[in-house]
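Input: a single structure, listed below in structure tokens.
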Amino acid sequence: MTVLRMLEQKGRDVFSVEPDNSVEQVAKILAQKKIGAALVLEGGKVAGILSERDIVRHVAAHGAMALGQPVSKCMTKNVVSCSEHDSVDDVMEKMTQGRFRHIPVIEGDELRGLLSIGDVVKRKIELSVRDAEELKRYIAG
Ligand code: AMP
């Protein structure tokens, strides 16, 4: 299954913030939307990604004052992306290699969506169930 197919089923909404939003503002957005990361956009372009782990680390390092600081202070700037043409396995490989659970889908300069490890695992399970059913049908003749 391709990323394009996953996005067609899941939708293309991406929750994004700006580099000068405060860490506290983004923490509130993550909590309200029940998501684990927000993409940081500057002038429509991807400038970074901020996950709940970045917030925890920043608060651990700077205490309560971390919450008032801008997102640009603790976001990851080198964002790894994937293409709509990548497969579910390609995306799993990137997440495993990079040890992250979120990945934006970018074609050329255009942001097309964002996948989480939950989306990827869900598809993987669906594919495994389908393969097992096909195998059972094949064995049963
Ligand atoms: P996560 O597992 O997605 O909560 O993120 C763990 C760490 O990886 C955090 O420091 C994130 O900022 C970073 N991160 C998350 N997604 C990506 C990505 N697609 N490319 C690079 N770093 C990422």
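For first residues located in region 118-140 and in contact (Cβ under 8 Å) with a residue 40 or more places away in the chain, partners that are open to solvent by less than 100 Å² (accessible area, probe 1.4 Å) and outside any helix (DSSP H, G or I) and lie 6+ apart or on another chain with Cβ distances below 8 Å form the pairs 123/1; 127/1. For region 113-141, the tally of residues that are under 16 Å from residue 84 (Cβ atoms) and part of a helix (DSSP H, G or I) stands at 3. Filtering region 68-89 to residues that are more than 17 Å from residue 46 (Cβ to Cβ) and in contact (Cβ under 8 Å) with a residue 24 or more places away in the chain leaves 68, 69, 73, 85, 87, 88.
Scanning region 2-15 for residues that are assigned to a loop (DSSP other than H, G, I, E, B) and either β-branched (Val, Ile, Thr) or surrounded by 16 or more Cβ atoms within 10 Å (Cβ to Cβ) (or both) yields a single hit, 14.
Inside region 87-108, residues that are in contact with a strand residue (DSSP E or B) (Cβ under 7 Å, 6 or more places away or on another chain) and closer than 16 Å to residue 12 by Cβ make up a count of 6. Of all the criteria given as (1) surrounded by fewer than 17 Cβ atoms within 10 Å (Cβ to Cβ); (2) part of a helix (DSSP H, G or I); (3) at pLDDT 95 or above, the one not satisfied by residue 19 is (2).
For region 89-97, the count of residues that are in contact with a Ser or Thr (Cβ under 8 Å, 6 or more places away or on another chain) and at pLDDT 95 or above is zero.
The values are calculated or read from the model by the stated rules, or taken from the named source; none is laboratory data. Keep in mind it's a predicted model, so treat the numbers as computed, not measured. Because the Cβ atoms are built from the backbone with ideal geometry, glycine has one as well, and the counts that use them run over all protein chains shown. To get the accessible areas, we keep the full protein, side chains included, count just its heavy atoms, and leave off ligands, DNA and RNA. Shrake-Rupley method; radii C 1.70, N 1.55, O 1.52, S 1.80 Å.
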